Every structure is written in structure tokens, then in C-alpha cells.
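Bear in mind these aren't lab numbers, they're just calculated from the coordinates by the rules spelled out. Predicted model, so just to flag it, every value in this text is computed and none were measured. Neighbour counts run over all protein chains shown; Cβ positions are idealised from the backbone, glycine included.
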Amino acid sequence: MVLALAVPVGVLAATKPPAGALSIEGGRGVIVVRGSGGLLGRVAHGSVEVVDLTPLDPWRPVVNGVTRSRRVFSKGANVSFRILGGDYRVTVKGEGISVSARGSGVATLLGVPGLLSSDTGIYSTDLEADCQDAPDQCQAIPTTLTRVLFGSTVSRS
């Protein structure tokens, strides 16, 4: 009886997508993340739109410390945001973009250099990398529209 139960559990575990990570620091431009799992972020100057793609689950977007509805847009200085579970789409435009995501998904990156600096920020999809603490493990956000996967290798639309 125990053996009969162990096989289905093992099969279910094998179908769960592997967890991954996305780390962005000092971003400047446009970042769109469509994922499943948790995401924390901040933009120093700019805008953020958070869309909860699984509104019937218990997780809700939080922007500047306030729990919001399924879809929220905010702009200004020092805008913080998080969604701690479920499926989401987050669009961030501006400068001083920091994002930390765990789970799986795809990020679309477009770095926009400033007038006085060509810096677009850095990113990594390495589960062990943290662009804030170890910037040498990260790469520059590209200035051409680029899609990067994190976690599962299944592409999301």
C-alpha cells in the first residue's frame, strides 16, 4: 500500500517546474516580468503596474505597503511593490529599478542609458546570484529588447 502511494507522489513532484530566480539592481529603462511565485521590487523614480493573474488565490499585490486589488498602477518616487504568490505580470518603467523574483517566468528587459551615463543596471537569472551583494556575478541590462527565462524552461506568453 505504501509503495502504491509513493509512485504518484513522485510523479507529481517531477512535474512541478524548477524554482529559479531573477535579480535586477540599478535598472534604468523598462522591465516586464511575467511569472509564478514571489516578487519584491522598488523603483526610485518611475512607474509600476502589477497585475494579479490568479485573482482567486489568497495572494494580493502590495504597493507602498497597501494591499491592492487585482490590478494596480502607481508612479512617483520610491515606489515599492510585492506579490508573494500566484501568477503575476509586473511592468516597471524608470530608473533605480530593483527586482528580486523567485519561482519561474520570463522577463523582458530594455535598458535605456541616461544622458550622462551609459549605465542601464545589472541582472542575473542565476539562483545563487544577488546583484546587490555580488554585482560581479551579474551582467548589464541590454539596450535591445531581450527576453530572459528564469526557473522553468517553459516559455510564457
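Numerical summary
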{"quantity": "Folded to 0 to 90 degrees: helix 2-15 orientation relative to the chain principal axis, Cα", "calculated": "20 degrees"}
{"quantity": "Residue order, fewest to most surrounding Cβ atoms within 10 angstrom, among Cys138, Cys131", "calculated": "Cys138, Cys131"}
{"quantity": "Residue of Glu49, Glu25, Glu128 that the Gaussian network model of the chain assigns the largest fluctuation, springs spanning Cα pairs under 10 Å", "calculated": "Glu128"}
{"quantity": "Hydrodynamic radius by Kirkwood, which averages 1/r over all alpha carbon pairs of the stretch 22-150, in angstrom", "calculated": "14.3 Å"}
{"quantity": "Pairwise FRET efficiency - Ser69 versus Asp133, Cβ, R0 = 35 Å, nearest 0.05", "calculated": "0.55"}
